[in-house]
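Taking it in order: structure first as structure tokens, then the write-up.
The values are calculated or read from the model by the stated rules, or taken from the named source; none is laboratory data. As the structure is a computational prediction, the values presented were derived from the model and not from experiment. For neighbour counting, all protein chains shown are included, and Cβ atoms are generated from backbone atoms with ideal geometry for every residue, glycine included. Keep in mind that these areas ignore ligands, DNA and RNA; they rest on the heavy atoms of the full protein, side chains included. Shrake-Rupley method; radii C 1.70, N 1.55, O 1.52, S 1.80 Å.
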Amino acid sequence: MTGLRDDAMGGELRSLLTGDVLTRETAGYDDARRVFNAMIDRHPALIVQCEDRTDVAVSVAFARDHGLEVAVRGGGHSVAGLALTDGLVIDLRRMNDVSVDPVARTATVGGGAIMADLDRACTAHGLATTGGRVSTTGVGGFVLGGGTGWLDRLFGLACDNLLEAEVVTAGGEVVRAAPDSHPDLFWALHGGGGNFGVVTSMVLRLHPLPASTFGLLLWQPERGPELVRAFRDLIENGPDELGGGVIFLTGPAGEDFVPAALVGQLALAIVLVYAGTETELRRVAGPLFDAAPAGQYVAELPYDELQSAMDDPPGYRNYWSAEHLHALPDEAADAFCAGAADMLVPSASQHVLFSMGGAIARGPADHPVPWRRASWVVHPFGLWTDAADDERGIRWTRAVRAAVRPWSTGDVYLNFIGDEGRERVVSGFGADGYARLAAVKARYDPANMFHRNHNVRPA
Ligand code: FAD
């Protein structure tokens with residue numbers, strides 16, 4: 001019966017759209033409902049493959065009229081599977097055009113573009129903006145949640161580069177959010193996520209990037225405490241052009257630069273990304289190159305290639321969390337390193353410490369991203385294949401958080417976590433930020449239609 005009802009609704013909606021509507025009976029449905037996290041297995045009644053803003057507005061009205069829960073899908077990277085619902089999915093992936101204005105140094109980006117679409121278009125002009133560290137992440141979910149990347153210490157958070165957006169509201173209205181048009185909504189899109197409507201396109205600020213260099217240096221994990229200190233000192237005293245992270249991971253097979261002793265074993269990696277040449281990186285990060293890496297890959301790469309150097313395929317079971325640190329004293333560095341011991345190895349999991357500071361910290365103080373003040377973020381990123389490892393993987397992630405909590409700011413970047421309860425949502429925006437977002441929510445989505453997100457309830 002449910003299938004028949006869904007097919008009837010699908011037929012009705014299809015007749016109103018340029019794009020397609022998929023139901024359980026339609027070819028391609030299973031592919032279309034798949035998201036990055038293989039733990040998520042939901043069967044939407046309708047998946048609307050929107051072609052343009054009108055399709056989005058029609059879908060919003062249809063969902064409202066038929067009492068269907070709505071989810072908005074960009075890159076599908078949300079660890080909690082927020083891009084899916086049992087009701088109607090507004091799938092934006094066909095709306096992935098990116099056009100670059102090299103003179104104004106801006107990119108106009110479709111609401112369903114992924115990082116690869118954006119980075120490719122920018123690289124062609126020697127331009128770049130802060131992007132996610134994996135090329136398949138959706139630009140929409142990434143920017144609206146804040147957005148951190150390899151060059152955020154130089155270019156700021158992704159949302160700091162958001163200049164305007166086109167939004168389909170819960171009422172089906174298409175509005176332009178910019179400093180001179182719906183400024184309250186514009187403010188809310190700087191970290192408030194998908195709470196306020198469907199962003200069908202956005203304009204991002206770009207920056208010149210004549211050269212970019214990627215480095216991945218490997219050591220035995222026992223050298224963690226010494227090298228985390230070295231990396232910390234380098235970043236805290238180094239130029240904004242230098243970014244990166246410490247990542248405990250399983251040494252990958254099939255890469256010439258990975259010594260045999262680390263393949264399939266816990267390894268310590270330091271990723272260095274530099275907005276400049278290889279020669280400059282080797283000079284700036286000299287102490288790490290001098291620390292006798294067991295293996296290394298260093299190359300000046302076009303920005304789009306650099307951005308996909310650490311890509312992970314979809315299909316793993318995922319559980320992640322994060323803790324933002326106000327400082328990284330030696331004890332915190334040691335606690336971070338100790339956390340690697342219980343990571344699932346071998347697996348695709350990563351035990352991550354990302355640098356912050358620089359332009360992130362100098363960004364607008366009033367945006368609802370209080371975590372921008374943190375100096376470091378510890379991000380246990382659990383990825384594995386076997387459901388039998390779920391309990392262990394999740395326990396590890398939580399234990400890492402607990403171990404570094406003494407140095408926590410108390411804020412959290414919500415794009416780095418799943419559903420961890422109301423308190424964590426509020427701490428993602430800050431209490432003042434949450435209250436202000438709730439007022440904006442009441443204006444643009446009073447019935448909380450867009451609640452498949454880190455949800456702000458209307459005031
Ligand atoms: P989706 O699951 O499609 O959507 C996530 C949320 O955003 C949903 O609530 C959705 O409704 C909303 N949304 C998406 N697009 C729109 C839109 N156009 N309009 C309105 N709402 C929208 N984050 C970082 O900051 N830096 C990183 O380096 C980074 N690396 C990552 C690497 C991997 C492998 C993965 C899986 C995630 C990574 N993330 C990173 C986290 C990522 O930023 C979030 O998962 C983000 O939500 C992904 O956006 P999406 O569009 O792909 O996700």
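Any residue in the stretch 425-442 that is in contact with a strand residue (DSSP E or B) (Cβ under 6 Å, 6 or more places away or on another chain) and of a type in the set (S, T, Y)?
no
What number of residues in the stretch 188-224 are within 16 Å of the ligand (Cβ to nearest atom) and touching a strand residue (DSSP E or B) at 6+ places or on another chain (Cβ under 9 Å)?
Looking only at that region, the number is 16.
On the given criteria, is I114 open to solvent by 30 Å² or more (accessible area, probe 1.4 Å), within 20 Å of the chain's Cα centre (by Cα) and not hydroxyl-bearing (S, T, Y)?
yes
Considering each residue of the stretch 12-24, count those that are closer than 19 Å to T54 by Cβ and open to solvent by 20 Å² or more (accessible area, probe 1.4 Å), and give that number.
7
Run down A32, A45 and say which single residue is more than 22 Å from N195 (Cβ to Cβ), open to solvent by less than 60 Å² (accessible area, probe 1.4 Å) and touching a Pro at 6+ places or on another chain (Cβ under 9 Å). Reasoning before the result, please.
On the way: A45 fails: touching a Pro at 6+ places or on another chain (Cβ under 9 Å).
That would be A32, the only listed residue that is more than 22 Å from N195 (Cβ to Cβ), open to solvent by less than 60 Å² (accessible area, probe 1.4 Å) and touching a Pro at 6+ places or on another chain (Cβ under 9 Å).
Are there any pairs with C-beta distances below 7 angstrom linking a residue in the stretch 362-385 that is assigned to a loop (DSSP other than H, G, I, E, B) to a residue that is of a type in the set (S, T, Y) and open to solvent by 10 Å² or more (accessible area, probe 1.4 Å), with the two at least 6 apart or on different chains, and if so which?
A374/T409; T385/Y316
Take the stretch 134-174 and flag every residue that is more than 9 Å from the ligand (Cβ to nearest atom) and under 17 Å from A116 (Cα atoms).
S135, L151, listed by residue number.
Just give me the residues in the stretch 308-336 being in a loop (DSSP other than H, G, I, E, B), more than 11 Å from the ligand (Cβ to nearest atom) and either touching a strand residue (DSSP E or B) at 6+ places or on another chain (Cβ under 8 Å) or among the aliphatic types (A, V, I, L, M) (or both), in sequence order.
A309, S321, H326, A327, L328
Working carefully through the options A291, A269, find the one that is within 27 Å of the chain's Cα centre (by Cα) and small (G, A, S).
Unique residue meeting the criteria: A269.
Given the criteria open to solvent by 10 Å² or more (accessible area, probe 1.4 Å) and either in a helix (DSSP H, G or I) or modelled with pLDDT under 95 (or both), does R436 qualify? Give the derivation first.
Values: open to solvent by 10 Å² or more (accessible area, probe 1.4 Å): yes; either in a helix (DSSP H, G or I) or modelled with pLDDT under 95 (or both): yes.
Spelling it out, R436 is indeed open to solvent by 10 Å² or more (accessible area, probe 1.4 Å) and either in a helix (DSSP H, G or I) or modelled with pLDDT under 95 (or both).
Being within 15 Å of the ligand (Cβ to nearest atom) and not assigned by TED's automatic domain parsing to the domain that holds S201 narrows it down to one of G74, G11, so name that one.
On inspection, the qualifying residue turns out to be G74.
This table checks each residue for (1) touching a Ser or Thr at 6+ places or on another chain (Cβ under 7 Å); (2) of a type in the set (V, I, T); (3) more than 16 Å from N318 (Cβ to Cβ).
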residue: A341; (1), (2), (3): no, no, yes
residue: Q350; (1), (2), (3): no, no, no
residue: R362; (1), (2), (3): no, no, yes
residue: R372; (1), (2), (3): no, no, yes
residue: D386; (1), (2), (3): no, no, no
residue: W407; (1), (2), (3): no, no, yes
residue: N415; (1), (2), (3): no, no, no
residue: V426; (1), (2), (3): no, yes, yes
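Identify all residues within the stretch 52-71 that are in a helix (DSSP H, G or I) and more than 15 Å from the ligand (Cβ to nearest atom); write none if there are none.
Passing the criteria: T54, V58, A61, F62, R64, D65, H66.
What number goes with the only condition from (1) outside any strand (DSSP E or B); (2) open to solvent by less than 10 Å² (accessible area, probe 1.4 Å) that E305 does not pass?
Evaluating E305 over (1) outside any strand (DSSP E or B); (2) open to solvent by less than 10 Å² (accessible area, probe 1.4 Å) leaves (2) as the failure.
Considering each of A261, A285 in turn, give the residue that is more than 21 Å from A309 (Cβ to Cβ) and either charged (D, E, K, R) or over 26 Å from the mean Cα position of the chain (by Cα) (or both).
Values: A285 fails: more than 21 Å from A309 (Cβ to Cβ).
None of the other options fit; the residue is A261.
Quick check on the stretch 77-128: of everything there that is hydroxyl-bearing (S, T, Y) and within 13 Å of the ligand (Cβ to nearest atom), which residue is nearest to G276 (Cα to Cα)?
S78
Would a scan of the stretch 384-393 turn up a residue that is open to solvent by less than 10 Å² (accessible area, probe 1.4 Å) and touching a strand residue (DSSP E or B) at 6+ places or on another chain (Cβ under 6 Å)? Steps first, please.
From the stretch 384-393, those open to solvent by less than 10 Å² (accessible area, probe 1.4 Å) are 384, 393; that's our starting set.
From what is left, the residues that are touching a strand residue (DSSP E or B) at 6+ places or on another chain (Cβ under 6 Å) are 384, 393.
Yes, some residue in the stretch 384-393 is open to solvent by less than 10 Å² (accessible area, probe 1.4 Å) and touching a strand residue (DSSP E or B) at 6+ places or on another chain (Cβ under 6 Å).
Could you list, in sequence order, all residues of the stretch 334-371 that are open to solvent by less than 10 Å² (accessible area, probe 1.4 Å) and not aliphatic (A, V, I, L, M)?
Correct list: F336, S349, H351, S355, P368, W371.
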